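What follows draws every value from the coordinates through simple rules; no lab data is involved. Every value quoted in this text rests on a predicted model; they were computed, and no experiment measured them. Cβ: placed from backbone, ideal geometry, glycine included. Neighbour counts: every protein chain shown.
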Amino acid sequence: MATGKKTAENTPQATRRDFIHISAGAFAAVGAGAVVVPFIQSMNPADDTLASSTVDVDVSKLNPGDSIVSMWRGKPIFIKRRTDEEVKEVRAWPLKDLKDPQTDESRVQKPDWLVVIGVCTHLGCIPTQRKNLIQQGEDGWLCACHGSKYDASGRIISGPAPLNLPVPAYTFINDNKVIRIGEKA
Ligand code: FES
C-alpha cells in the first residue's frame with residue numbers, strides 16, 4: 001500500500017536533477033558518435049585506392065595442367081593453365097545441364113587460361129583443386145564444406161552452390177607471362 005511518504009528519488013528536485021544528468025549523458029553520447037564516425041571513415045581506403053588496387057601474378061612457369069592460388073583484395077584467385085583436353089571437356093558440356101548456364105568461352109580470355117575468384121558461392125568456403133574431379137582428365141574444385149563441385153571452367157556442376165565461381169577483372173601483360181588481377185582487359 002502507498003504510504004504517501006516522499007523519498008529522495010521522487011521529489012521535484014530529484015526529478016529535475018535526473019533530467020539534467022540524462023540530457024548531459026545523451027549529448028555526450030551524440031558528440032562522441034559524431035567524432036567517432038568520421039574517424040572510422042578516415043581509416044577506410046579511399047574509393048579510388050580500392051578501384052585501382054591490382055596484383056600482378058607471374059604465370060610464366062605454369063605448364064598445362066598446373067594451377068596456382070594468388071590473393072587479391074583478401075580473396076583467393078585460382079589461376080589454372082588448362083590442358084587441351086580440359087578445354088575440350090568443358091566446352092562439350094550442354095548448357096541445359098548446368099545450374100548456372102554460361103559458356104566456357106564467355107568466362108575466359110584465352111582458352112588455356114582460367115582465372116576465377118576461389119570463394120564458394122554457397123556459403124563462402126574455399127574450394128580445393130582435385131585431380132580428375134569432374135571426369136577423367138578434367139580437374140575441378142571441390143568445396144568440402146557441403147560438397148559443391150566446380151568444373152575446369154569454375155562452373156557449378158553439383159552440390160548446393162547456386163552460381164559459378166565469379167571471374168574477376170584481369171588482363172595479360174608482359175607477353176602473356178604476367179596476369180594483372182583487378183584491371184580490365
Ligand atoms: S560453402 Fe561450399 S558447398 Fe557450402
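Give me the number: length gained by fully extending Met71 to Asn176, i.e. 0.36 nm times residue separation minus the C-alpha to C-alpha distance, one decimal in nm.
On the way: separation 105, 0.36 × 105 = 37.80 nm, distance 1.93 nm.
Roughly 35.9 nm would be gained on extension.
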*Work out from phi, with θ = phi - 60° and the Karplus expression 6.51 cos²θ - 1.76 cosθ + 1.60, the ³J(HN,Hα) of each residue of the stretch 111-124, listed in order in whole Hz, and give x for Gly and Pro.*
x, 7, 10, 10, 10, 9, 7, x, 10, 4, 7, 7, 10, x
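For every other residue with a beta carbon closer than 10 angstrom to the beta carbon of Glu86, add +1 if it is Lys or Arg and -1 if Asp or Glu, then tell me the sum. Write out the running numbers ahead of the final one.
Values: positive: Lys80, Arg81, Arg82, Lys88, Arg91; negative: Asp84, Glu85, Glu89, Asp104, Asp112, Glu138, Asp139, Asp151.
That works out to -3.
Please compute the volume of the convex hull spanned by the alpha-carbon atoms of the stretch 51-181 and report it per residue in Å³.
On the way: hull volume 13.1 nm³, N = 131.
Hull volume normalised by residue count: 100 Å³.
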*Considering amide H positions built from the backbone, and no H for Pro or chain starts, which residues 5 or more places from Tyr170, or on another chain, come under 5 Å of its amide H?*
Gly182, Glu183, Ala185
*Could you run the Karplus curve 6.51 cos²θ - 1.76 cosθ + 1.60 with θ = phi - 60° over the stretch 155-168 and give me ³J(HN,Hα) per residue in whole Hz, x for Gly and Pro?*
8, 6, 9, 7, x, x, 4, x, 10, 5, 5, x, 9, x
*At what distance in nm do the modelled label points of Leu163 and Asp97 sit from each other, each positioned 7 Å from its Cα along Cα→Cβ?*
2.5
*Length added when fully stretched, Ser106-Cys145, from 0.36 nm per residue minus Cα-Cα*: 11.3 nm
*Scan around Gly65 for amide H atoms under 5 Å from its own, H built in the peptide plane at 1.01 Å from N, and keep only partners 5 or more places away or cross-chain.*
Arg81, Arg82, Thr83
_Less than 14 Å from a label point 7 Å out along the Cα-to-Cβ axis of Asp56: which backbone N atoms in the stretch 146-185 qualify, by residue?_
171-183
